[in-house]
1. Just checking, does region 238-248 include any residue being of a type outside the set (Lys, Arg), at pLDDT 90 or above, in contact with a helix residue (DSSP H, G or I) (Cβ under 9 Å, 6 or more places away or on another chain) and within 11 Å of the ligand (Cβ to nearest atom)?
2. From the list ARG295, ARG343, which residue is basic (Lys, Arg) and either near the ligand (Cβ under 10 Å from one of its atoms) or assigned to a helix (DSSP H, G or I) (or both)?
3. Out of curiosity, is LEU221 in contact (Cβ under 8 Å) with a residue 24 or more places away in the chain, in a helix (DSSP H, G or I) and under 14 Å from the mean Cα position of the chain (by Cα)?
4. Among the residues of region 179-188, is any touching a strand residue (DSSP E or B) at 6+ places or on another chain (Cβ under 6 Å), at negative phi and assigned by TED's automatic domain parsing to the domain that holds SER45?
5. Looking at region 326-335, which of the residues that are of a type outside the set (Gly, Ala, Ser) and surrounded by 11 or more Cβ atoms within 10 Å (Cβ to Cβ) is farthest from the ligand (Cβ to nearest atom)?
6. Among the candidates ARG173, ARG159, single out the residue that is farther than 18 Å from LEU220 by Cα and surrounded by fewer than 18 Cβ atoms within 10 Å (Cβ to Cβ).
7. From the list CYS323, CYS310, CYS316, pick out the single residue that is in contact (Cβ under 8 Å) with a residue 40 or more places away in the chain and either within 11 Å of the ligand (Cβ to nearest atom) or on the phi > 0 side of the Ramachandran plot (or both).
8. Among the residues of region 204-217, write down those that are farther than 25 Å from LEU169 by Cβ and surrounded by fewer than 21 Cβ atoms within 10 Å (Cβ to Cβ).
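The values are calculated or read from the model by the stated rules, or taken from the named source; none is laboratory data. The shown structure was predicted, so the numbers you read here are calculated from the model rather than taken from an experiment. Heads up, the Cβs are rebuilt from the backbone with ideal geometry, glycines too, and the neighbour counts pull from every protein chain shown.
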Amino acid sequence: NLEVRFPIRLKKLFRTELQELRAVDGVSFDIRRGETVGLVGESGSGKTTVGRAILRAIDPTAGEVTFHCCDRDVDLAELEGESLREFRKNMNMVFSEGSHSLATMTSDMLRAFRPRMNLVFQDPYSSLNPRMTVRDIIAEPLIASGMMKSRAKIDERVREIAARCKLNLEHLRRFPHAFSGGQRQRICIARALVTRPDFVVCDESVSALDVSIQAEIVNLLKDLQDEMGVAFLFIAHDLSVVAQMSHRVAVMYVGKFVEYAPTASLFFHPRHPYTHALLSAVPHADPDAAFDPIRLVGEIPNPLDVPSGCRFHTRCPFAVEACRRETPEWREIAADHFVSCHRADELDFSRPAGTASRA
Ligand code: SF4
C-alpha cells in the first residue's frame, strides 16, 4: 500500500570563497507511481544534479523532496547524520520526518523503507564490480538492505528479476567483463529493480549504447514499469529516446526548468524557443512533420555568470528588450503544460504530425 508521489522543490548551490554556482535554481515538479518523467537539456543544465539531490547522493542547498508513503509525507531533504550515512550506504531509502524521525523508527520500519529507491548509471562498464559474479551483483541490494536473509529466497528473487532482464542461469555465474554494453546495462537494471523499488533514477542510462540496444533497454524498462508500477526519473539529452520513455517531460536550461508538459503536448506543441530548438535538431523521417529549423547562437552560459532576465535571452532568436530585464514567470499555459517565456502566447511552434511518443 505504498504510493509514490514526489512533490519536489530543489535548489543546489556550489559555493567557493569567491563565487556561487547555482547548479539547480528552484526546480519544482512531481512524479506519480508508475509514471516516467523525462528530464532533458544540454550538458551543464543541472539534470544530473537534480537526480542526485533527490536520492541524497549530494545535499540540496534548500528545498523538499516529499515522498508519500504509508499515508504520510516524509521529506528526504531533511536526512542528516546517521540516517543519511545509512541511506547513502546502499543508495536505498531511509526516512526522517517530524513524528517519524529516525530515532523513533524501529529497525523493522527502516528495513521496510530502505529499498524503495535506486539509481541506474550511464556507464554500464564502471558501475559493475569486476570481481563479483552477476548473481552477487544483483543480490547485493537484497543483502545490504536486510530485505532477505535466506540464501534460497535471495537466489529465487535474483533468478526471477534476471529472467525478466533476459539473463539466464549461465549469465549469473559469469563476471561482468564477459558481457556487452547492452547486457551490462540489463545487469544494472536487474540490480536496481531486485528490491522492487518505487522510484528509480535512470541517469543517461541508455546514452552510451548503440541505437538498436537503446530501443531494447527502453522497451525493457517500460515492460518492468507496467509490471511493477515503478516510477522513473529518466535523464537524457536525446529527445527521441525521452519521447519513447516518458509520460511527462521537463526541459532544463542553466539550472531552471523552462518547460514541463505531458509528452505529446511538449513534442507537438512546444511553447518555449529552447524546447523548439532542441526538437528541431532531431532528424525526422517525414520532412513535412519536422519543425522548422531554429539555430541557436553562442554557447550555454556559464552557471557562475547567469544572464539577467530570461537566462535564455543571450541565445534566443525571439528575444525582446523585456527578456533582458525581467525574469519570465513560470505559468500554466495549457492543461498541465508549464512554461517560462514572456512570448509563449504569441509564438506558435506546433507541427502537424510528428514524433512517436509514449503519451
Ligand atoms: Fe526568448 Fe524572451 Fe522567451 Fe526568453 S522570454 S525564451 S528570451 S522570447
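1. The answer is no; no qualifying residue exists.
2. Details: ARG295 fails: either near the ligand (Cβ under 10 Å from one of its atoms) or assigned to a helix (DSSP H, G or I) (or both).
Of ARG295, ARG343, the one residue that is basic (Lys, Arg) and either near the ligand (Cβ under 10 Å from one of its atoms) or assigned to a helix (DSSP H, G or I) (or both) is ARG343.
3. yes
4. Filtering region 179-188 down to residues touching a strand residue (DSSP E or B) at 6+ places or on another chain (Cβ under 6 Å) leaves 188.
Cutting the leftovers down to at negative phi gives us 188.
Okay, now just the ones that are also assigned by TED's automatic domain parsing to the domain that holds SER45, so 188.
Checked against the condition, which is being touching a strand residue (DSSP E or B) at 6+ places or on another chain (Cβ under 6 Å), at negative phi and assigned by TED's automatic domain parsing to the domain that holds SER45, region 179-188 yields at least one hit.
5. Among those residues, the one meeting the criterion is GLU332.
6. From the options ARG173, ARG159, the qualifying one is ARG173.
7. Numbers: CYS323 fails: in contact (Cβ under 8 Å) with a residue 40 or more places away in the chain; CYS310 fails: in contact (Cβ under 8 Å) with a residue 40 or more places away in the chain.
Result: CYS316 is the single residue among CYS323, CYS310, CYS316 that is in contact (Cβ under 8 Å) with a residue 40 or more places away in the chain and either within 11 Å of the ligand (Cβ to nearest atom) or on the phi > 0 side of the Ramachandran plot (or both).
8. GLU204, SER207, ALA208, ASP210, VAL211, SER212, ALA215
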